[in-house]
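Only one structure is covered here, and it is reproduced in the block below.
The values are calculated or read from the model by the stated rules, or taken from the named source; none is laboratory data. Predicted, not measured: the structure shown is a model, and the values here were computed from it. All Cβ positions, even for glycine, are placed from backbone atoms using ideal geometry, and neighbour counts span all protein chains on display. Note: accessible area is taken over every heavy atom of the protein model, side chains too, but ligands, DNA and RNA are not part of it. Shrake-Rupley method; radii C 1.70, N 1.55, O 1.52, S 1.80 Å.
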Amino acid sequence: MKFSINRNLFIDNLNNVMRAISSRATIPILSGIKLTLSDDELVMTGSDTDISIEIKIPVNEDLQVESTGSIVLPARFFSEIVKKLPGKDFSFEVKEGFQTKISSENSEFTINGLDANNYPRLPEIPDESSFVIAGKVLREIINETQFAVSTQESRIVLSGVHFTFSPESIKAVATDSHRLSQRIISLENGPQTETDLIIPGKSLQELSRIIGEADPEVKLCPGDNQALFQIGNISFYSRLLDGNYPDTDRLLPTESTTEIEIDLAELSSALDRASLLTHAGRNNVVNLDLNTDKQTVTLTGTSAEIGNVEEEVSFKNLQGDNLTISFNPDYLRDALRASITDAVIMKFTQPLRPFTVIPNKDDVQFVQLITPVRTF
């Protein structure tokens with residue numbers, strides 16, 4: 001196996017493959033990156049069993065093939081070597097005993113590889129049920145829900161986002177049982193039959209980064225226990241989570257007793273200041289006092305070790321019953337960070353009942369739910 005390639009082109013693709021490689025691989029060969037060269041293309045593969053990424057680079061003036069073959073190289077070392085090589089191009093040659101020579105200008109490395117035949121095969125996913133989504137839409141819905149997945153192993157199904165794809169819409173829900181984020185976006189050409197997938201939050205995080213700021217077309221092929229996302233020359237495989245996702249619709253309150261419309265930046269800044277003290281204490285809790293009679297909104301935070309903070313927060317509109325509620329400020333900060341309007345409406349029912357955060361625009365279907373904290 002021998003070829004030469006443009007270094008920047010190789011690094012751009014290598015960076016994406018590296019997203020699938022874990023430094024704590026349970027199967028030793030998965031700490032490596034697989035390279036397979038044919039007369040037509042160079043295929044790079046990385047996997048940690050949960051995520052697998054395969055990238056194809058076609059043979060052209062940037063990739064010159066002398067002989068075909070395959071090899072698995074230690075990913076971290078190989079990546080660092082290529083990034084530090086001098087020169088615009090580099091050459092790559094596999095010799096006897098899987099020894100691999102990497103050279104550019106006056107620099108030459110030799111590293112030990114492994115037999116590519118021992119590398120696990122990627123799943124074969126038929127594309128009969130495939131459909132296409134705009135990359136911008138998929139990235140948006142991931143970023144608006146993925147942060148709310150559970151990081152606990154006790155309920156593995158909650159560590160993923162529950163997607164429901166239908167011909168007209170895509171619905172995504174994430175919850176860790178303390179908070180919930182649900183987003184619905186209209187689709188023009190969704191799948192002909194409704195498709196339910198629970199995709200791990202970690203997979204979605206990496207998928208969002210690969211999609212990036214551009215708006216590539218994403219082809220989604222759902223399988224039995226894996227889903228394949230195809231983005232240009234990148235194939236991104238994610239393990240799917242087994243189990244029944246809870247019926248979260250019943251958790252969303254249908255009415256409220258107190259409502260406030262508030263500027264997102266204003267509330268975010270106030271929460272940041274309150275968190276300076278609450279993070280120092282054992283209980284990371286703030287109190288929000290909504291006084292509809294006096295038309296005041298007060299945010300307070302206390303740390304027994306440091307002191308306390310109290311701040312009057314300006315708002316756009318406040319109506320309903322007086323209410324004081326306590327909650328983890330980080331949950332609300334995350335909710336505001338994911339919000340897509342300049343102002344939000346917060347709806348409350350009782351001091352110990354979850355409250356919702358929604359956009360102040362009727363045409364945006366986005367609801368976030370936060371569970372309060374009992375402080376007495």
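Things to note:
- Between helix 7-17 and the chain: long-axis angle, C-alpha atoms, 0 to 90°, nearest 10: 50
- Angle between the chain longest axis and helix 75-84 axis [Cα atoms, degrees, rounded to 10]: 80
- Modelled FRET efficiency - R0 51 Å, GLU266 with ARG121, Cβ distances, 0.05 increments: 0.40
- Length, then width, then depth: along the principal axes, the Cα atoms of the stretch 225-314 run 56, 36, 29 Å.
- Ranked by the mean number of other Cβ atoms within 10 Å per residue, highest first, peptides 204-211, 291-298 order as 204-211, 291-298.
- Rg/Rh (Cα only; Kirkwood hydrodynamic radius) as it applies to the stretch 280-376: 0.96
- Eligible lysines near LYS56 by straight Cα distance, threshold 18 Å, same-chain separation 8 or greater: LYS2, LYS34, LYS219
- Cα gyration tensor shape of the stretch 175-219, rounded if a/c is under 1.5, else prolate or oblate by comparing a/b with b/c: oblate
- Taking the C-alpha atoms only, the angle from helix 201-211 to the longest principal axis of the chain is near 70 degrees.
- Carbon + sulfur, % of accessible area of the stretch 258-362 - ligands and nucleic acids excluded, 1.4 Å: 41
- Carbon and sulfur %, accessible surface of the stretch 191-232 computed with the full protein complex present, 1.4 Å: 39
- Once the Cβ-Cβ distance of THR68 and GLN99 is raised to the sixth power relative to R0 = 22 Å, the FRET efficiency obtained is 0.80.
- For the chain, fraction of C-alpha pairs farther apart than 27 Å, in %: 57
- Sorting the segments 252-258, 268-274 by their mean number of nearby beta carbons within 10 angstrom, highest to lowest, gives 268-274, 252-258.
- Å² per residue, accessible surface of the chain at 1.4 Å: 50
- 3J(HN,Hα) couplings calculated from phi for the stretch 238-250 with the Karplus curve 6.51 cos²θ - 1.76 cosθ + 1.60 (θ = phi - 60°) are, in sequence order, 10, 5, 9, 8, 8, x, 9, 6, x, 6, 7, 4, 6 Hz; Gly and Pro show x.
- Mean projected area (nm²) of the alpha-carbon convex hull when the stretch 184-336 is viewed from all directions: 13.3
- Protein accessible area in the stretch 1-58, 1.4 Å probe - carbon and sulfur %: 42
- Label-point gap, in nm, between ASP242 and GLN319 - each point 7 angstrom along Cα→Cβ: 5.1
- One Cα centroid belongs to the stretch 280-330, the other to the stretch 187-214; the line between them spans 37 Å.
- Per residue, the chain reaches -5500 deg cm²/dmol at 222 nm when only DSSP H runs of four or more residues are counted, each adding -39500 (n - 2.57).
- Whole-Å distance, taken between Cα centres, linking the stretch 64-103 and the stretch 1-45: 10
- Multiplying the residue separation of LEU252 and LEU276 by 0.36 nm and removing their Cα-Cα distance gives an extension gain of 5.6 nm.
- Positive dipole terminus of the chain, leading residue within ILE345, GLY190, ILE21 (C-beta point charges): ILE21
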